[in-house]
Amino acid sequence: MIKVDIEHLGHPDLDLIDQLIAETLGADVPAFASYEADLESIKEASEKIKGADNIVIIGHGGSITTFKGLIGSVGRKVHHQKNFFLLDSVDPVHVAMVKAHCKPEDTHVIAVSKSGNTLTVLEILSLFDGFPTTAVTQKGYGTLRKIAKKKGWNIVDVPDNVGGRFSGGTASALLPAMVLGIDVKGFVEGMKEAYKAAMDEENTVNLSGAFYLIERLGKRTIFLPVYSKAYSAFNDLVTQLFHETLSKGRKGLTLLAYEGPECQHHTNQRVLDGPEDIASLFVLVDGEEGEEISWPGIEVEYKGVPMSEMGPYSFKKATMSEARGVMGSMDEIEAPWASITMKDESERSIGFYVGMMQYLAYYFAVMRRVEPFDQPAVEKAKEIALKYRQDQGI
């Protein structure tokens, strides 16, 4: 499913932290890894939604970020069959554009909020009063659940002990994914494989340990160039996992997650010729070769080489060559890098990637002795934003 290479990180000596790695492997199994979603009940709920021509998914933050990745990766194969509108912002122009496309008779709204108290979700939901709606939220007394009960909406439960950014294996992501037509079973199986591998094998914990040691040398920023449209769709999720899980008490890392090779046109200059505070983690795919590139009979030269001599080679080789060019540049200046190579872009592999990144963030937090599952600064910002609304002080 995956290959991990840490040989170019300046040969961090993992023997230096043998005890820490052993302790990390012995950490409690987190709730996100032990939770088992009831796929049958999620499927039942999805069948009540699939008939609508338009599906509006309302959600902000971690509860929806995994689904955003799914719709931008494996969802590309199927989402053209329906109109899917993702409202993950209170931007007035975007909200108005979506609302203009939808009528109660042809639309179903899915409102996702783990706590049920995400104010921006409730604000958008107010515009869709009278639309058929499904609420995805935890049990208890959250505002979304109270509204759903009063309105008689269908309610799908999510666990209260799995935080939003770790909720990819819950109905928060799985219900809209199932409506979209994604192979949810394969995705969940891939996540479970990643969890088992993180607990039983060395790849994930060694990668965590190697970056822990590199950080001690002043490399406090991780550049994550992702050479795949499918996997780069999860860049927001991975950024959230790293930033909200690790950055506590002035500890933590900064993650720069971008799609490659496009990021070579804006971030290579920073990485290769800027401050030396960066270690890189490439994400590659050993998947389809794609169509062949060739220039038969074209005698025009490209940088001194006749184009007729430049092929044939596949688009996969072109993509990998771009990545290898950056890696080679890093080797020349002894800039540290590692790589993860995924098998393909199937739902199962995508699930493995999501599960691995969840566990990577969790292990990073355990090694740094920070609480993995809270986000106190985020909550403080929400309190201040609410006060601005109440005071109309915007």
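All of the numbers you see were taken from the coordinates with simple rules; none came from a lab. Treat the numbers as computed from the prediction; the structure is a model and nothing was measured. Note that we place each Cβ from the backbone using ideal geometry, even for glycine, and neighbour counts take in every protein chain shown.
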With DSSP loop assignment and no more than 15 other C-beta atoms within 10 Å, the GluC sites (Glu not before Pro) in segment 260-352 are GLU276, GLU288, GLU289, GLU291, GLU299, GLU334
Please identify the chymotrypsin sites (Phe, Trp or Tyr not before Pro) of segment 141-170 that satisfy two criteria: DSSP loop assignment and at most 10 other Cβ atoms within 10 Å. Which are they? TYR141
With the cut-off at 1.5 for a/c, could you classify segment 259-350 from its C-alpha gyration tensor as rounded, prolate or oblate? oblate
To the nearest 0.05, how large is the calculated FRET efficiency for ASP53 and LYS149 if R₀ is 30 Å and r is the Cβ-Cβ distance? 0.65
Most mobile of ILE17, ILE340, ILE278 per a Gaussian network model of the chain (Cα springs, under 10 Å)? ILE17
Could you let me know the centre-to-centre spacing of segment 191-246 and segment 275-307, using Cα atoms, in angstrom? 26 Å
Counting only C-alpha contacts under 8 Å and six or more residues apart, can you give the relative contact order of the chain as a whole percent? 23 percent
Which of LYS146/LYS248; LYS50/LYS146; LYS185/LYS219; LYS68/LYS103; LYS139/LYS343; LYS68/LYS151 exceed 29 Å between C-alpha atoms? The answer is LYS146/LYS248; LYS185/LYS219; LYS139/LYS343
Based only on other Cβ atoms within 10 Å, what is the fewest-to-most ordering of ILE333, ILE49, ILE64? ILE333, ILE49, ILE64
Would you mind checking segment 238-268 for residues with the amide N under 12 Å from a putative spin-label position 7 Å along Cα→C-beta of LYS192? none
If you keep only loop residues by DSSP, which trypsin sites (Lys or Arg not before Pro) in segment 260-358 have at most 11 other Cβ atoms within 10 Å of their Cβ? LYS303
Would you list which aspartates and glutamates come within 19 Å of LYS114, measuring only between C-alpha atoms, while excluding same-chain residues fewer than 8 positions from it? GLU36, ASP38, ASP88, GLU123, ASP157, ASP160, ASP236, GLU244, ASP374, GLU379, GLU383
Per principal axis, descending, Cα span of segment 93-194 in whole Å: 42, 30, 26
